[in-house]
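Enquirer: Quick one: structure below, then a few questions.
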Amino acid sequence: MNIETIITVLTALGGFEAVKWTANFFMNRSSIKKKSDAEAEAAQLTNEKNQVGWLEDRIAQRDAKIDSLYIELRKVEDDRLRIVYEKHALELELKEANYNKCLVYDCQDRKPPRNTLLNKEEKK
């Protein structure tokens, strides 16, 4: 191949710009590769940051839901405890009424057994 053929091919491919581009490519190919690697890594980091942000939001939503469920659970527990206390109070009143119950007809003037027992204990 003679020099005229090489020059003709170079001018057909873009002339001096093709020579500059080829020289630039071979001189800077390692820096170009590093730049593309850095861009890919930056894109990957951005994607991971977005995923972490999304996961943090999801965890915050679930924590809020759990907190609301705990609040509801505590309300239900308080209601049930209140019902148990009321039931026990009613049971005590029933026992007291059974203790003071008169089994004799027309016993309005009778002293309940409790009063007589209390009076005996006070005398001792």
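Coordinate-derived values only; no laboratory data. As the structure is a prediction and not an experimental result, all values here were calculated from the model.
Enquirer: How much length is gained on full extension from residue 83 to residue 58, taking 0.36 nm per residue of separation minus their Cα-Cα distance?
Expert: 5.2 nm
Enquirer: Convert each backbone phi in region 62-74 into a coupling constant with the Karplus relation 6.51 cos²θ - 1.76 cosθ + 1.60 (shift: θ = phi - 60°), then list the ³J(HN,Hα) values in order as whole Hz, x for Gly and Pro.
Expert: So the J values, rounded to whole Hz, are 5, 4, 5, 5, 4, 4, 5, 5, 5, 4, 5, 4, 4.
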